[in-house]
Amino acid sequence: MPRPPAVSVVVVNWNRLDLLEACLASLRQQTWQDFETVVVDNGSTDGSADWVARERPDVVLIRNTENRGFCGANNQGIQAARGTFVALLNNDAEAEPRWLEALLAAAGQAPDIGMVASKIVSYDDPNVIDKVGHLIYPDGQNRGRGSGAIDRGQFDRIEEVAWPDGAGALYRKEMLDEIGLFDEDFFAYADDAELGLRGRLAGWRCLYTPHAVVRHRLGSTLGRHSQRRLFLIERNRIWLVAKLFPKRLWPAAPLFAALRVSASALAALRGRGEAGKARAQLSTWGLIQCLIRANAAALWGLPGMLAKRKRVVRRLSGAEAARLLRTFRISLAELIFETS
């Protein structure tokens with residue numbers, strides 16, 4: 001058997017051959033060449049898988065007959081990966097040449113660094129930050145740190161963050177072997193938050209490096225303000241709280257959720273923030289329906305999440321976990337009124 005590579009890059013694709021070609025081309029330009037690429041195709045009908053098989057024989061290709069979502073497909077890729085590290089790169093993203101080199105350099109700083117976050121910028125305007133790690137609100141809603149900010153060098157230092165965004169991230173395989181992979185019930189959205197927070201609860205750290213740059217076309221798969229996307233985001237944040245938050249924070253979560261929804265409604269009426277953009281596309285009634293369906297689905301799946309909670313590896317005490325969430329808390333104003 002050939003020697004395993006240092007890192008395996010997993011790319012999940014669904015009906016975006018045009019983006020996939022550019023994504024894979026960016027990997028060919030990497031300064032770090034000791035890696036393999038694993039493409040997991042989620043039952044595309046646009047010829048994506050056939051193109052990979054024909055044009056990129058160097059790539060490990062996994063073909064699905066159905067769309068298994070971000071979580072299921074990435075789990076397949078991780079399970080097939082031979083590297084000591086696993087990097088995830090969205091098919092709607094392109095990595096700058098030093099991306100892998102910088103990620104591995106950060107991970108090598110200490111053995112307890114289980115995750116490394118990239119500097120993810122807007123594809124259309126690289127001077128606009130997409131995400132540089134993540135922040136979280138006390139109701140489980142999470143958002144990219146710095147999202148929508150103009151890049152003035154304020155994120156140009158290596159530092160600890162909560163967890164990385166799955167659009168461009170590095171994970172230590174040892175950590176994944178210990179804590180498990182993505183929770184496939186999440187399907188997509190908040191999945192990287194769930195995995196990242198689970199890693200933090202198990203005692204692993206996460207570094208952000210500004211030298212690992214990814215250009216990302218946000219929301220290219222389901223659409224930025226599609227009902228499906230908003231449904232998954234709202235449902236999954238409830239599951240995140242139930243599965244991973246310290247129990248002492250449970251009573252406050254619904255109160256913070258009510259505060260967030262009220263602020264979102266005000267923003268929507270004023271046409272401001274993400275809520276304003278969503279209302280322009282979906283209508284007020286469409287947003288209300290989406291919210292009701294998401295909460296109903298979350299309650300239906302709550303027993304399963306509580307059962308999974310018992311299997312979570314926890315090295316942090318409840319107090320330490322609460323302190324971690326406070327450290328990386330996003331303000332309501334930033335969450336609601338700022339846009340990316």
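Observations, loosely collected:
- Taking each residue of the range 42-55 that is closer than 13 Å to Leu20 by Cβ and looking for partners that are exposed (fewer than 15 other Cβ atoms within 10 Å of the Cβ) with beta-carbon atoms closer than 8 Å, six or more apart or interchain, yields Asn42/Glu66.
- Those residues of the range 83-135 which are part of a strand (DSSP E or B) and touching a His at 6+ places or on another chain (Cβ under 6 Å), in sequence order: Ala93, Ile120, Asp130
Condition check ((1) buried (at least 19 other Cβ atoms within 10 Å of the Cβ); (2) acidic (Asp, Glu); (3) free of Cβ contacts under 8 Å to residues at least 40 places away in the same chain) across all residues:
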| site | (1), (2), (3) |
| --- | --- |
| Phe186 | yes, no, no |
| Leu195 | yes, no, yes |
| Arg200 | yes, no, no |
| Cys206 | yes, no, no |
| His211 | no, no, no |
| Ala242 | yes, no, no |
| Phe245 | yes, no, no |
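- All of (1) among the β-branched types (Val, Ile, Thr); (2) out of contact with any strand residue (DSSP E or B) (no Cβ under 9 Å at 6 or more places or on another chain); (3) closer than 26 Å to Ala149 by Cα; (4) at pLDDT 95 or above hold for Thr339 with one exception: (4).
- Selection within the range 32-63 - in a helix (DSSP H, G or I) and under 20 Å from Ala95 (Cβ atoms): Ser48, Trp51, Val52, Glu55
- Some residue of the range 76-87 being modelled with pLDDT of 95 or more, among the polar types (S, T, N, Q) and farther than 24 Å from Leu195 by Cβ: no
- Count of the range 61-79 residues, restricted to those that are of a type in the set (A, V, I, L, M, F, W, C) and either in contact with a Lys or Arg (Cβ under 9 Å, 6 or more places away or on another chain) or assigned by TED's automatic domain parsing to the domain that holds Ile233 (or both), is 1.
- With respect to the stated conditions, Val59 fails to be surrounded by 19 or more Cβ atoms within 10 Å (Cβ to Cβ) and at negative phi.
- Test: Asp191 is acidic (Asp, Glu), out of contact with any Lys or Arg (no Cβ under 8 Å at 6 or more places or on another chain) and within 27 Å of Trp14 (Cα to Cα): yes
- The single residue among Gly286, Gly273 that is closer than 19 Å to Phe256 by Cα and at pLDDT below 80 turns out to be Gly273.
- Restricting Ala93, Ala73, Ala107, Ala169 to residues that are surrounded by 19 or more Cβ atoms within 10 Å (Cβ to Cβ) and over 18 Å from Gly196 (Cα atoms) narrows the list to Ala93.
- Condition met for Tyr123 (within 17 Å of Tyr189 (Cβ to Cβ), assigned by TED's automatic domain parsing to the domain that holds Thr45 and more than 14 Å from the chain's Cα centre (by Cα)): no
The values are calculated or read from the model by the stated rules, or taken from the named source; none is laboratory data. Quick caveat, the model's predicted, so the values are computed rather than measured. In this analysis, Cβ positions are derived from the backbone assuming ideal geometry, glycine residues included, and neighbour counts consider all displayed protein chains.
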